[in-house]
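Scroll down for the structure; my scribbles are underneath it.
The values are calculated or read from the model by the stated rules, or taken from the named source; none is laboratory data. This is a predicted model, so every value here is computed, not measured. Ideal geometry is used to build each Cβ from the backbone, glycine not excepted, and the neighbour counts take in all protein chains shown. Protein only, heavy atoms only, side chains kept; ligands, DNA and RNA dropped before computing areas. Shrake-Rupley method; radii C 1.70, N 1.55, O 1.52, S 1.80 Å.
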2 protein chains.
Amino acid sequence: MDAPKLTTSLELVRWIGWAQMRAGEDWVRERELSHAQSFVLGYLVQKPGASQRDIAEVSRTSAASVSSLLQGLERRELVERRSEDGNERTKRVYATVAGAELIAGFEAAMAAVDETILAPLDESERAALHALLTKITGQLAQPTR
Amino acid sequence: MDAPKLTTSLELVRWIGWAQMRAGEDWVRERELSHAQSFVLGYLVQKPGASQRDIAEVSRTSAASVSSLLQGLERRELVERRSEDGNERTKRVYATVAGAELIAGFEAAMAAVDETILAPLDESERAALHALLTKITGQLAQPTR
DNA sequence: CGTTGACAGTTAGACCTCTAACGATTAGGG
DNA sequence: CCCTAATCGTTAGAGGTCTAACTGTCAACG
């Protein structure tokens, strides 16, 4: 999706964010992962043992989608589900070694994309941009971790 | 989708862009439009008479999706398709008055969201942000119009 | 205890988007 | 002219996400 006019700052933000997303999606596509799957896998690397409930909340998707999405990841042995703590109702989900390695590759690719996008700015400009963006995001609802 | 850590500038950009998109999606959802439909309708308001080919290219979606997407918009009388210029192969698409009104409401809503997001910045900060973002986007592939 | 209500996860069915294959129309070169 | 190739749009089938309804588990309270 292109931004239509690119006049206001936030149209520019939309455009940049979209360019990032497209690059990331290209990367995961080549590995036959969906955007949602890569996000969930990334979350599991940072939060091993998260419940499906947690995953649904953080990725702002439905519990039903998480269920089928994890089925796919489990089939490819990127993820494991177990019941623990004598709790048969909740399932804890863990990324496997293969899953963690995949995510490491993804994050490296995204960092490279970010570097490309920021290339036109020098150090002081980057610092200024970061300060302005931080000021904006401070006002928005914080992400859940 | 939340951004995971929010440390780098581009993670912040992702986060802001995502907040915008979510707000926009809420708005169109209430009107029973998909994100893709609202985008296409918006494009048609700016480019009356675009071909389906054009629409697919600009919205970076498949011609097949455009086809069924326009069927939905046509059923709701937000859009019209006609063949013109003695050309029976290409169909030209136009937003109806109702369609244009819907988009006007959408854009007003998005402008309000943007204002809320930018609220923490004063005039000079906004100018600085705009300059930095322009410098970045100048390097990226320009949108197709 | 036993019942009732809340909670975690799965399944069923609808919708939307995609890729691939297909008609139909147009343009261009012998 | 006509044959070929390219272009525009549609249809068919697969895959993914959503909502709603369901099963199974836990907790609380009489």
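Descriptive notes on the structure:
- Scanning segment B:97-140 for residues that are open to solvent by less than 30 Å² (accessible area, probe 1.4 Å), under 30 Å from B:ARG81 (Cβ atoms) and not small (Gly, Ala, Ser) turns up B:ILE103, B:MET110.
- A:ALA128 vs. criteria within 11 Å of another protein chain (Cβ to nearest Cβ) and either under 19 Å from the mean Cα position of the chain (by Cα) or not in a loop (DSSP other than H, G, I, E, B) (or both): yes
- Considering residues of segment A:55-70 that are more than 14 Å from every other protein chain (Cβ to nearest Cβ) and open to solvent by 60 Å² or more (accessible area, probe 1.4 Å) only, the residue farthest from DNA strand D (Cβ to nearest atom): A:ALA63
- Of all residues making up segment B:9-43, the number that are within 21 Å of B:GLY99 (Cβ to Cβ), charged (D, E, K, R) and crowded, with 22+ Cβ neighbours inside 10 Å: 0
- Of the residues making up segment A:5-56, those that are among the basic types (Lys, Arg) and within 29 Å of A:ARG76 (Cα to Cα) are A:ARG22, A:ARG29, A:ARG31, A:LYS47, A:ARG53.
- A search for C-beta distances below 9 Å between a residue of segment A:20-32 that is free of Cβ contacts under 8 Å to residues at least 12 places away in the same chain and any residue that is within 15 Å of DNA strand C (Cβ to nearest atom) and not in a helix (DSSP H, G or I), counting only pairs 6+ apart in sequence or on different chains, returns A:ARG22/B:ARG60; A:GLU25/A:SER34.
- Number of the condition not met by B:ARG82 [criteria: (1) surrounded by 11 or more Cβ atoms within 10 Å (Cβ to Cβ); (2) touching a residue at least 12 places away in the same chain (Cβ under 8 Å); (3) charged (D, E, K, R)]: (1)
- The combined condition, being open to solvent by 50 Å² or more (accessible area, probe 1.4 Å) and either among the hydrophobic types (A, V, I, L, M, F, W, C) or in contact (Cβ under 8 Å) with a residue 60 or more places away in the chain (or both), is fulfilled by A:LYS47.
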